[in-house]
Each structure stands twice: as structure tokens, then as C-alpha cells.
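Asks: The structure that follows is given in the form of C-alpha cells.
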Amino acid sequence: MRSRRLAAYVLAVDVLALMALILLPARAIQGQWGTLLLLVVLAIVAGIRPVRIPGLRHEVTASHPFIFLALATVGPLAACLVALASVVGAAVGRGRKLPLTLHFVFNLGAVVLSTTAGVGALHVAGGRPGQAVTAMILPLAAATAAYFTVNSGLVASAIAIDKRKNAITVWRQSFLWMAAPFATGLTLAIAMLAAMEMGTLWILVLSLPPCWVLLLYYRAHANTSLARH
């Protein structure tokens, strides 16, 4: 029964994600394919070293700054494509084959829904792709908060179904600590947005070392959690 409930939950998430992808406008990408390709590559690179959280069937990556940057520069559909690329990067990291598992399929749907929530929050806060950096700070903060809330909530609910636990308890114990690195990712996305005014390739110099620091933070937390268990 539990596996059926989990499968039904994953199916619902993926159906909603597919509907979101279909409804998102694609025309904004026109003329910005180079930027989109670069962000996809960076998201994959940042995602190929996922950190597994002890006690959970869940891995975290440092790809979220590139999702927010894609949202701020190219648009909603581009942000979803970058998010999907980060999941693929995490899945094939360390030389693994692409796993067509329930977990992988769920992650694809979850990042699309989370990014869509971020898109909605950005627009409600008055943000539009291509605006000046100063005008995008508050909207990007709203997008980050929405993305984190929805993504962590979806994952916590899946874990709660799988382990027969309370979703709020799972979220509080396993995901609340991630608010700090997501805030750091927001700061990095804003810095990269400012750097793009000097040239897109500056993103490479600016972004990869801080993303590595985020991964070290994740790893340190994972090791601490493992020691407690």
C-alpha cells in the first residue's frame, strides 16, 4: 500500500510538472541560446557531485544558483531546463548510468514544480527577466523562498509517505537547515547577474568556487548527521 501511495504521489507531481512545462512561454529563449547552454552546462557540472543526506533517500547539489540566474536572465522555461539539467547531472555523477527510477522521475517533476513556484513568486514581487540587478534583488529573494519551500515540501512529503512519518516533522528535522545555503545561493545568483554585465564568461570564474564551498557545507552537515546516527 505504501509503495502504491508513493507511486501515485510521484505520478501526480510529474503530471503537474508536465502541465507547467507546456504552459510556460518558450519565445523568451529566442536569441539567448548561448546563455542558456552555458547555464545548463554549469548546472550539470555543479550537480555531478551530489551529497547524500544520511537517513534519507535524498541527495542535494549546489545547482540552485544557476536556476535562479536563468530565471532572471532568460526566463521561466530556461530556468526549468537548467533545473532539469541539474537533476540529470546529479543522476549521472561519478560515472553512473542514467537511472530511470521512481526517485529520479520524482526529482525531475519536483524541480520543475519548484521552479514554477519561483517563477510565480518572482512575478508577484514585480520581477521580469532582463531587469537591472537592483530591481531583481527582492523578486529573486521571493523566488528563492518559493523554490525552497516547494522543493523541500515535496521531497519531505515523499519521504514521509515512504517512511510512514509526519511530513512536517521530516521537513523540520531534515530540510530546515538548508535555508542557509539557499540564501547563500541567492547571493551568488545576484553576484553572477551583476557579473554578466561585464561578460558572460565571468560566471565561470565567479560561480564554480562558491558552489564548491556550498558542497563542502553540505558534506560537513552530512558527516555530522552520520556521526549522530
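Asks: Within region 122-145, count every residue that is at pLDDT below 95, under 23 Å from ALA110 (Cα atoms) and of a type in the set (S, T, N, Q).
Replies: Summing the residues that are at pLDDT below 95, under 23 Å from ALA110 (Cα atoms) and of a type in the set (S, T, N, Q) in region 122-145 gives 0.
Asks: Return the pair list, or none, for Cβ contacts closer than 8 Å from residues in region 142-157 that are under 16 Å from LEU84 (Cβ atoms) to residues that are basic (Lys, Arg) and open to solvent by 30 Å² or more (accessible area, probe 1.4 Å), at least 6 apart or on different chains.
Replies: Listed pairs, sorted by first residue: none to list.
Asks: Here are some conditions: (1) open to solvent by less than 30 Å² (accessible area, probe 1.4 Å); (2) of a type in the set (A, V, I, L, M, F, W, C); (3) at pLDDT 90 or above; (4) in contact with a Ser or Thr (Cβ under 7 Å, 6 or more places away or on another chain). MET178 meets all but one. Which one does it not meet?
Replies: Exception for MET178: condition (3).
Asks: Name the residue, out of LEU39, LEU56, that is in a helix (DSSP H, G or I), over 19 Å from LEU23 (Cα atoms) and either touching a Phe, Trp or Tyr at 6+ places or on another chain (Cβ under 9 Å) or at pLDDT below 85 (or both).
Replies: On the way: LEU56 fails: in a helix (DSSP H, G or I).
After applying the criteria, what remains is LEU39.
Asks: Still on this model: If you go through region 63-89, how many residues are closer than 18 Å to ALA195 by Cβ and among the β-branched types (Val, Ile, Thr)?
Replies: Residues meeting the conditions: 4.
Asks: Moving to a separate point now. Quick check, is ALA143 assigned to a helix (DSSP H, G or I) and open to solvent by 40 Å² or more (accessible area, probe 1.4 Å)?
Replies: Details: assigned to a helix (DSSP H, G or I): yes; open to solvent by 40 Å² or more (accessible area, probe 1.4 Å): no.
For ALA143, the condition - assigned to a helix (DSSP H, G or I) and open to solvent by 40 Å² or more (accessible area, probe 1.4 Å) - is not met.
Asks: Next up: Being farther than 18 Å from LEU11 by Cα and at pLDDT 95 or above is the filter; apply it to region 146-165 and report the residue that is surrounded by the fewest Cβ atoms within 10 Å (Cβ to Cβ).
Replies: THR149
The values are calculated or read from the model by the stated rules, or taken from the named source; none is laboratory data. This is a predicted model, so every value here is computed, not measured. Neighbour counts run over all protein chains shown; Cβ positions are idealised from the backbone, glycine included. Just the protein is used for accessible areas: all its heavy atoms, side chains included, with ligands, DNA and RNA removed. Shrake-Rupley method; radii C 1.70, N 1.55, O 1.52, S 1.80 Å.
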